[in-house]
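This report refers to the structure that appears directly beneath it.
The values are calculated or read from the model by the stated rules, or taken from the named source; none is laboratory data. Everything quoted here is computed from the prediction, not taken from an experiment. Cβ coordinates were reconstructed from backbone atoms using ideal geometry, including for glycine residues, and neighbour counts include every protein chain displayed.
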Amino acid sequence: AQKITQTQPGMFVQEKEAVTLDCTYDTSDPSYGLFWYKQPSSGEMIFLIYQGSYDQQNATEGRYSLNFQKARKSANLVISASQLGDSAMYFCAMREPVSSGSARQLTFGSGTQLTVLP
Amino acid sequence: NAGVTQTPKFQVLKTGQSMTLQCAQDMNHEYMSWYRQDPGMGLRLIHYSVGAGITDQGEVPNGYNVSRSTTEDFPLRLLSAAPSQTSVYFCASSLAGGSGANVLTFGAGSRLTVL
């Protein structure tokens, strides 16, 4: 069984500073994918970044980067140069491996509410 | 390109009533799924489908039915609504094959209140 843990219910960061949102996961499968989604107050789910378990490099997408530490089973999201518009709920999620035959489910963590202060 | 469209956006039901949440996607995605979001619990998978005529249960399927008669549509039926089904419901879709990086595209969500 998979499990995603986000231990920070809420985080504050000053505008223009960097912030790290923590995510740890638990799986016995060697093949998996890790995702981060952003949910602003308007409610939609916005995909931010993806990391595959076999990817050698940490994923980056603009101001977002994923600090992937496989041995520690952590996949922390780093947001550089925070902006007021980054204030939102952030979810870490893991995808079951295709080989399991159970297709494309994502298992989500409970989320971290990020507030960017002016 | 509309992506994933959910209707209705808001619905209030009385206990025992039934209703259907509609979901349609125009991206030719094989995989479609329904999640519910409750405070402090993230998103939990209700049902999913890997193609027309194929559905399966997720983590929290009780009280919900689904069907997949076409690639585009994946309705979620509440058979007899209960207050515990008060939640925000998300439909999501993705390609099923190829790269494991296929990203789930979400609809805007449907807020359901059961009195």
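Looking at this structure, is residue B:100 in contact with a helix residue (DSSP H, G or I) (Cβ under 9 Å, 6 or more places away or on another chain) and either more than 9 Å from chain A (Cβ to nearest Cβ) or at pLDDT below 95 (or both)?
Yes.
Does segment B:12-42 hold any residues that are at pLDDT 95 or above and aliphatic (A, V, I, L, M), and which are they?
B:12, B:13, B:19, B:21, B:24 - these are the residues of segment B:12-42 that are at pLDDT 95 or above and aliphatic (A, V, I, L, M).
For segment B:74-87, how many residues are buried (at least 17 other Cβ atoms within 10 Å of the Cβ) and either outside any loop (DSSP other than H, G, I, E, B) or within 14 Å of chain A (Cβ to nearest Cβ) (or both)?
5
Tell me which strands (runs of 3 or more DSSP E) are completely within segment A:19-118 and hold 1 or more residues being at pLDDT 95 or above, crowded, with 17+ Cβ neighbours inside 10 Å and in contact with a strand residue (DSSP E or B) (Cβ under 9 Å, 6 or more places away or on another chain), or say none if there are none.
A:19-21, A:24-26, A:33-39, A:46-52, A:64-69, A:74-79, A:88-95, A:112-117
Could you grab me the full set of residues in segment A:1-53 that are of a type in the set (Val, Ile, Thr) and more than 13 Å from the chain's Cα centre (by Cα)?
Within segment A:1-53, A:13, A:27 qualify.
Determine the pairs where a residue that is over 13 Å from residue B:66 (Cβ atoms) and of a type in the set (Asp, Glu), located within segment B:31-51, has a partner that is modelled with pLDDT of 95 or more and surrounded by 20 or more Cβ atoms within 10 Å (Cβ to Cβ) with Cβ atoms under 8 Å apart, the partner being 6 or more residues away or on another chain.
B:38/B:87
Taking into account only those residues within segment B:3-50 that are among the hydroxyl-bearing types (Ser, Thr, Tyr) and part of a strand (DSSP E or B), which is farthest from the other protein chains (Cβ to nearest Cβ)?
Ranking the candidates gives B:20 first.
Tell me, please, whether a residue that is more than 16 Å from residue A:45 (Cβ to Cβ), surrounded by fewer than 16 Cβ atoms within 10 Å (Cβ to Cβ) and β-branched (Val, Ile, Thr) can be found in segment B:32-52.
Within segment B:32-52, not a single residue is more than 16 Å from residue A:45 (Cβ to Cβ), surrounded by fewer than 16 Cβ atoms within 10 Å (Cβ to Cβ) and β-branched (Val, Ile, Thr).
With the checklist (1) more than 23 Å from residue A:23 (Cβ to Cβ); (2) in contact (Cβ under 8 Å) with a residue 12 or more places away in the chain; (3) of a type outside the set (Val, Ile, Thr) in hand, flag the one item residue B:56 doesn't pass.
If we test residue B:56 against (1) more than 23 Å from residue A:23 (Cβ to Cβ); (2) in contact (Cβ under 8 Å) with a residue 12 or more places away in the chain; (3) of a type outside the set (Val, Ile, Thr), just (2) comes out false.
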